[in-house]
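A.B. asks: My structure is below; once you've seen it, I'll send some questions.
The values are calculated or read from the model by the stated rules, or taken from the named source; none is laboratory data. In this text, all values refer to a predicted model and were calculated from it rather than measured experimentally. Cβ placement follows ideal geometry from the backbone for every residue including glycine, while neighbour counts extend to all protein chains displayed. Accessible surface areas use protein heavy atoms only, side chains included; no ligands, DNA or RNA. Shrake-Rupley method; radii C 1.70, N 1.55, O 1.52, S 1.80 Å.
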Amino acid sequence: MSIKISDGQFKDKVKENLQDDFMRGAVSSAQDRLRFRRLETAEELGNWEEWRSHGEEIRKHVLENLDYYLQELSENVQKLGGHVHFAQTAEDANRYIEDVVKKKEAKKIVKSKSMVTEEIGLNAVLEKAGCEVIETDLGEYILQLDEHDPPSHIVAPALHKNKEQIRKVFAEKINYTKSNDPTELARHARETLRSEFLTADIGITGCNFAIAESGSISLVTNEGNARLATTVPKTQITVMGMERIVPTFEEFEVLVSLLTRSAVGQKLTSYVTVLSGPRREGDADGPEEFHLVIVDNGRSKILGTEFQSVLQCIRCAACINVCPVYRHIGGHSYNSIYPGPIGAVLTPLLGGYDDFKELPYASTLCGACTEACPVKIPLHELLHKHRQVIVEKEGKAPISEGLMMKAFGIGAASNPLYTTGTKLATKVMKPFMKDKEFISKGPGPLKEWTAIREFPTLKNERFRDWYKNREGGDKK
Amino acid sequence: MIQQRETFLNNIAAALGREVNKTKKPERNWKHNPQAVTLTDLSQDELVQLFKAQCVNIHTDYVETTAAELKAELSNRVDMYGGGPISVWEDERFDTYGLGVLLREEWPQAGVEVNEWDIQKGADNIKFAEKANVGITFSDITLAESATVVLFSNGGQGRSVSLLPQTYIAIIPKSTLVPRMTQAAQAISKKVQREEAVPPCINFISGPSNSADIEMNLVVGVHGPVKATYIIVEDR
Ligand code: SF4
């Protein structure tokens, strides 16, 4: 898989996914649960806005000084006896990893969840080289067994699957004979995967944050699979997006606190693991050899542009969990491994406008994503910027908003889920409303939006109603 | 070995519109510092209460005991989990707390297999831990807010002990308790600044492994231990 998950068009994907009732129910209940838990744990901290502001300034600082911190990180990894490979492109990263795999004559590779390895399409390369590659995150394992079904959420990749579907896949592929009870299913995966971990030659992981001062990488997980992948196999390869780095443990701590709350509403996940180089003399477990692959793959093209702030992202999915459009159309509609608001901003930047120019239109610009983001990325402003760039390039919008909203609108009139999304938007917009007047001074994009058309306050008229009226007007 | 760094970093600097900087440490002038006031005004007893309350949320059993009672409590917990085999760190704190007798005499005499991590045995330690029913370690730093034990793994403190056995018990000297991850991060960062070696593996562990990947249902016990107990003990 690369960033693009299939050849289909955005519009068709939306149609296809709107017909999946289980998926839509699952998405909305997951959104509700995660959003609630995020708010609860955020509130407990007492001064969440301060934390967000601190998270934001740390991420901004890192991006402004990325060369220094990557230099420091790589020096320190080398001092610890690790190897560092800087890869400009996906191909380069894959080539290096394939070389290591060949040198080690590795047959079996266990992987813990990593978006960047999905992005560069690593699995396909390794499988072609004759390796067995096993995804060990429970969600990803399920998808891999099910003929490489693509992920639909960056934190809960198998969100669109129900337990009966999972039971069938397990029965078919890994001799499962019990019920569709999640605990029984998970225990079976535990047993099956345990023997894979014990016999794997190489463990491949992603990296939540690298820590420059100590040459460390970190893994924030709940299941323990990333720990297994870095405890038993003799060789560890860690692949990281070049921006996923912090100066010291002190900033690391702040970002982890933001990440675990925003992603899963936990104060900390079960395991936060910080690894510094390969095992040392006197260690009996941990990898003998450690490779860190630092991937650019289009990120440096975003640096220094008006889209730079998207690189602040810590992949928590909070924006996805509040997005009314994601709720309605599901993850697969985006046709990108990065769905939701973050995906709609990031995917066209990494994958190009040619394939993904509709994505910036998969938004009502309600701003709920921006409000949720723990590192204050102005997501809806960036979506609006994309639209401006696209219209400038093409002379027109690639998909009329009419068509787009019609696609979302299937059933929207009677769909309470959609209303919830816009209700949230109403709350978000409140500070910008003057006595129920039209929004005249919204945050950035709304301001620009209001410059080109009227944008009624959502309190009085929900977006879909407003849209319906507009649509009627368009037909004249 | 470091490969292709030069062009990579130059490229980044060019995008940022300046010369590459590899030597001058950037100033970090943070405007915000929320962690400095988060939970820092709690007394040691209040921290214990916070820690205890959080154990419920992370599905972890909580036991509070004295140094004198620790041996009996530990033995008790192991029985509750169904006995051995038992995998433990090589750690002088077991002797400090009078647990040596249990590890080396009482359990073996009762037919319970115990492996104290022994670097001479190499990979056999992993094999033993994998078969073990209980893994036992001490906590090096303990975070009250999230009910987290921080384990520094190197040498005799193998990573496998808290990971591969079916169940896990952490012994927590009360004095290791701090408000939250902030204090642990500061302590580790100070080590780095003093150029002391940071252990190759540091784990922040909060309860047993879990997953919500199947229909968002919480399953406790996935790849790591399926149950966990924290025993908090008065210092000796
Ligand atoms: S954009 Fe913000 S909210 Fe969305 S995944 Fe990234 S960090 Fe989380």
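A.B. asks: Distance check, please: which entries in A:79/A:103; A:60/B:52; A:267/A:376; A:234/B:71 exceed 25 angstrom between their Cα atoms? All intermediate terms of the calculation are to be shown ahead of the outcome.
C.D. replies: Details: A:79/A:103 22 Å; A:60/B:52 37 Å; A:267/A:376 20 Å; A:234/B:71 37 Å.
Beyond 25 Å: A:60/B:52; A:234/B:71.
A.B. asks: List the GluC sites (Glu not before Pro) in segment A:142-212 that DSSP assigns to loop (not H, G, I, E or B) and whose Cβ has at most 12 other Cβ atoms within 10 Å. Which are they?
C.D. replies: Details: sites: A:147, A:164, A:172, A:184, A:191, A:196; in loops: A:147.
In loop regions of segment A:142-212 (DSSP not H, G, I, E or B), the sparsely surrounded GluC sites (Glu not before Pro) are A:147.
A.B. asks: I'd like the antiparallel share, as a percent to the nearest 5, of DSSP beta bridges with both residues in segment A:102-256.
C.D. replies: In segment A:102-256, DSSP labels about 20 percent of beta bridges as antiparallel.
A.B. asks: While we're here: Enumerate the aspartates and glutamates that residue B:31 could reach by cross-link, defined here as Cα to Cα under 18 Å, with residues fewer than 8 away along the same chain left out.
C.D. replies: The reachable aspartates and glutamates, counting only those whose Cα sits under 18 Å from residue B:31, are A:49, A:50, A:56, A:57, A:64, A:250, A:251, A:253.
A.B. asks: When the Karplus curve 6.51 cos²θ - 1.76 cosθ + 1.60 is applied with θ = phi - 60°, which whole-Hz ³J(HN,Hα) does each residue of segment A:214-221 get, with x for Gly and Pro?
C.D. replies: 10, x, 9, 10, 9, 10, 10, 9
A.B. asks: For chain B, find the longest principal axis of its Cα atoms and tell me its angle to the long axis of helix B:44-57, 0 to 90°, nearest 10.
C.D. replies: For helix B:44-57, the angle is close to 80 degrees.
A.B. asks: Quick check on packing: order A:300-313, A:225-238 by the mean number of other C-beta atoms within 10 Å, highest mean leading. Please report the intermediate quantities before stating the final value.
C.D. replies: On the way: A:300-313: 18.5, A:225-238: 26.6.
Output ranking for A:300-313, A:225-238: A:225-238, A:300-313.
A.B. asks: Determine the sum of side-chain charges near residue A:45: Lys and Arg each +1, Asp and Glu each -1, restricted to other residues whose C-beta is under 12 angstrom from that of residue A:45. Could you put the intermediate results ahead of the total?
C.D. replies: Details: positive: A:38, A:52, A:261, A:267, B:180; negative: A:40, A:43, A:44, A:49, A:50, B:145.
Net of charged neighbours comes to -1.
A.B. asks: Taking the full set of protein chains and a 1.4 angstrom probe, give the accessible area of residue A:108 in square angstrom, rounded to the nearest 10.
C.D. replies: 40 Å²
A.B. asks: Under 17 Å between alpha carbons, and skipping anything fewer than 8 positions from residue A:15 in its own chain: which aspartates and glutamates qualify?
C.D. replies: Result set, ordered by chain and number: A:7, A:358, A:401.
A.B. asks: A further question follows. Would you please classify the overall shape of segment A:118-239 from the alpha carbon gyration tensor, given that a ≥ b ≥ c denote the square roots of the eigenvalues, rounded means a/c under 1.5, and beyond that prolate means a/b larger than b/c while oblate covers the rest? Don't skip to the answer; put the middle values down first.
C.D. replies: On the way: a/c = 1.68, a/b = 1.62, b/c = 1.04.
Because a/c hits 1.5 or more and a/b exceeds b/c, segment A:118-239 counts as prolate.
A.B. asks: Another question, if that's okay. For segment B:42-234, what does the alpha-carbon gyration tensor say about shape, rounded, prolate or oblate, given a ≥ b ≥ c as the root eigenvalues, a/c under 1.5 as rounded, and a/b over b/c as prolate?
C.D. replies: Judged from the Cα gyration tensor, segment B:42-234 comes out rounded (a/c under 1.5).
A.B. asks: Compute, for residue A:174, the solvent-accessible surface of its heavy atoms (probe 1.4 Å) with the complete set of protein chains present, and express it in square angstrom to the nearest 10.
C.D. replies: 20 Å²
A.B. asks: Can you bin segment A:185-284 into rounded, prolate or oblate? Criterion: square roots of the alpha carbon gyration tensor eigenvalues sorted a ≥ b ≥ c, rounded for a/c under 1.5, prolate for a/b above b/c, oblate for the rest.
C.D. replies: Verdict is oblate for segment A:185-284.
A.B. asks: Where a Cα-Cα gap under 12 Å defines reach, which aspartates and glutamates qualify for residue A:161, not counting those fewer than 8 residues away within the same chain?
C.D. replies: List returned: A:20, A:21, A:140, A:146, A:149, B:213, B:215.
A.B. asks: Any of A:108/A:178; B:25/B:190; A:108/A:173 with alpha carbons more than 22 Å apart? Name them for me.
C.D. replies: On the way: A:108/A:178 28 Å; B:25/B:190 17 Å; A:108/A:173 18 Å.
Exceeds cut-off: A:108/A:178.
A.B. asks: Taking R0 as 22 Å, what FRET efficiency do you get between residue A:165 and residue A:187 from their Cβ-Cβ distance, rounded to the nearest 0.05?
C.D. replies: On the way: r = 18 Å, r/R0 = 0.83.
Approximately 0.75, to the nearest 0.05.
A.B. asks: Continuing with the same structure: Search the structure for amide H atoms under 5 Å from the amide H of residue B:21, placed 1.01 Å from N in the peptide plane, and list their residues when 5 or more places away or on another chain.
C.D. replies: Counting only residues 5 or more places away or on other chains, the set is A:68.
A.B. asks: Return the percentage of antiparallel bridges among DSSP beta bridges fully within the protein assembly as shown, rounded to the nearest 5 %. Before the final figure, lay out the partial values.
C.D. replies: Working: 25 of 77 bridges.
Once the DSSP bridges in the protein assembly as shown are tallied, antiparallel ones form about 30 percent.
A.B. asks: Another question about this same structure. Starting at the first residue of segment B:186-199, write each ³J(HN,Hα) from the Karplus equation 6.51 cos²θ - 1.76 cosθ + 1.60 with θ = phi - 60°, in whole Hz, x for Gly and Pro.
C.D. replies: 4, 4, 5, 4, 4, 3, 4, 5, 7, 6, 7, 5, 7, x
A.B. asks: Considering Cα pairs under 8 angstrom that are at least six residues apart, work out the relative contact order of segment B:114-202 and quote it in whole percent. Present the calculation step by step, with values, prior to reporting the outcome.
C.D. replies: On the way: 123 pairs, mean separation 28.9, N = 89.
Relative contact order, segment B:114-202: 32 percent.
A.B. asks: Would you be so kind as to identify which of A:62, A:300, A:382 lies farthest towards the positive end of the dipole of the protein assembly as shown, taking Lys and Arg as +1 and Asp and Glu as -1 on Cβ and the Cα centre as origin?
C.D. replies: Positive-most Cα among the choices belongs to A:382.
A.B. asks: Which value, in debye to the nearest 20, gives the size of the charge dipole of segment A:212-332 about its Cα centre, when Lys and Arg are +1 and Asp and Glu are -1 at the Cβ? Walk me through the intermediate numbers first.
C.D. replies: Numbers: 11 positive and 13 negative charges, 104 e Å.
About 500 debye.
A.B. asks: For segment B:48-153, list log₁₀ I(q)/I(0) at each q in 0.13 Å⁻¹, using the Debye formula over Cα point scatterers of equal strength and ignoring solvent, two decimals each.
C.D. replies: Log10 I(q)/I(0), no solvent term: -0.53.
A.B. asks: Under a point-charge model restricted to the Cβ atoms of Lys and Arg (+1) and Asp and Glu (-1), what is the dipole moment magnitude of the protein assembly as shown relative to its Cα centre, in debye to the nearest 20?
C.D. replies: Magnitude of the dipole: close to 2280 debye.
A.B. asks: Could you state how much accessible area residue A:83 has, in square angstrom rounded to the nearest 10, with a 1.4 Å probe and all protein chains kept in place?
C.D. replies: 50 Å²
A.B. asks: Further, regarding this structure: Quick check on chain B: of the DSSP beta bridges with both residues there, what percent are antiparallel, nearest 5%?
C.D. replies: Numbers: 10 of 35 bridges.
Once the DSSP bridges in chain B are tallied, antiparallel ones form about 30 percent.
A.B. asks: Send over the per residue convex hull volume for the protein assembly as shown, Cα only, as a whole number of Å³. It would help to have the intermediate numbers written out before the result.
C.D. replies: Details: hull volume 110.4 nm³, N = 712.
Convex hull volume per residue, Cα atoms: 155 Å³.
A.B. asks: For the peptides A:202-213, A:274-285, A:35-46, what is the packing order when you average, over each peptide's residues, the other Cβ atoms within 10 Å and list the highest mean first? Please list the in-between numbers first.
C.D. replies: On the way: A:202-213: 25.7, A:274-285: 20.8, A:35-46: 16.2.
Taking the mean over residues of other Cβ atoms within 10 Å, the ranking is A:202-213, A:274-285, A:35-46.
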